[in-house]
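The values are calculated or read from the model by the stated rules, or taken from the named source; none is laboratory data. If you're wondering where the values come from, they're calculated on a predicted model, not measured in any experiment. Every residue, glycine among them, receives a Cβ derived from its backbone with ideal geometry; neighbour counts consider all protein chains shown. For accessibility, only protein heavy atoms count, side chains too; no ligands or nucleic acids. Shrake-Rupley method; radii C 1.70, N 1.55, O 1.52, S 1.80 Å.
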Amino acid sequence: MYCIIVRTQLKPGNRESFLAAMLENAQASVREEPGCLVFDVIEDRETPDCFHLYEVYQDEQALAAHKETPHYRASRQIVTPLIDSQSVTRADVLALNPER
């Protein structure tokens, strides 16, 4: 399995707009994409306007397919102008909690 952890620092004052778009994208990803196994949206407690996306895919091809979906493209149009900075950690998943 393939995982990305996306750290997103928003421009101040954009929390609600970001969450509206990102939560919808996360839900649609898990619901509609067989290759998307996990899509968690996490709010940093220590850094204002900072979010982490924890995404697990069957493989890198599933992530590539995710980026072609209507819900991904719609969310990117909304969130891209709200972002101050973003970084991505790419990793292999060695164990996934089966109770999820």
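Computed from Cα positions, the angle between helix 70-79 and the longest principal axis of the chain comes to roughly 30 degrees. Can you give the net charge of the other residues whose Cβ lies under 12 Å from the Cβ of Tyr57, counting K and R as +1 and D and E as -1? Net charge in that neighbourhood comes out at -3. Label separation (Asp84 vs Val30): 2.9 nm, computed from points 7 Å beyond Cα along the C-beta direction.
How big is the stretch 2-92 by the Kirkwood estimate over distinct Cα pairs, in Å? Numbers along the way, then the final one.
Values: mean 1/r = 0.0758 Å⁻¹.
Final number for the Kirkwood radius of the stretch 2-92 is 13.2 Å.
Averaged per residue, the chain has 62 square angstrom of accessible surface, using a 1.4 angstrom probe with ligands and nucleic acids left out.
If you filter the stretch 1-89 for trypsin sites (Lys or Arg not before Pro), then keep DSSP loop positions with at most 10 other Cβ within 10 Å, what is left? Please list the in-between numbers first.
Numbers: sites: Arg7, Arg15, Arg31, Arg45, Lys67, Arg73, Arg76; in loops: Arg45, Lys67.
Passing sites in the stretch 1-89 are Arg45, Lys67.
Modelled label positions at Gln9 and Asp92, each set 7 Å beyond Cα in the direction of Cβ, lie 3.2 nm from each other.
The GluC sites (Glu not before Pro) of the stretch 1-90 meeting both criteria, a DSSP state outside H, G, I, E and B (loop) and at most 13 other C-beta atoms within 10 angstrom of the site's C-beta, are Glu46, Glu68. Computed in the context of the full set of protein chains, the accessible area of the chain at 1.4 Å probe radius has 50% of its extent on carbon or sulfur.
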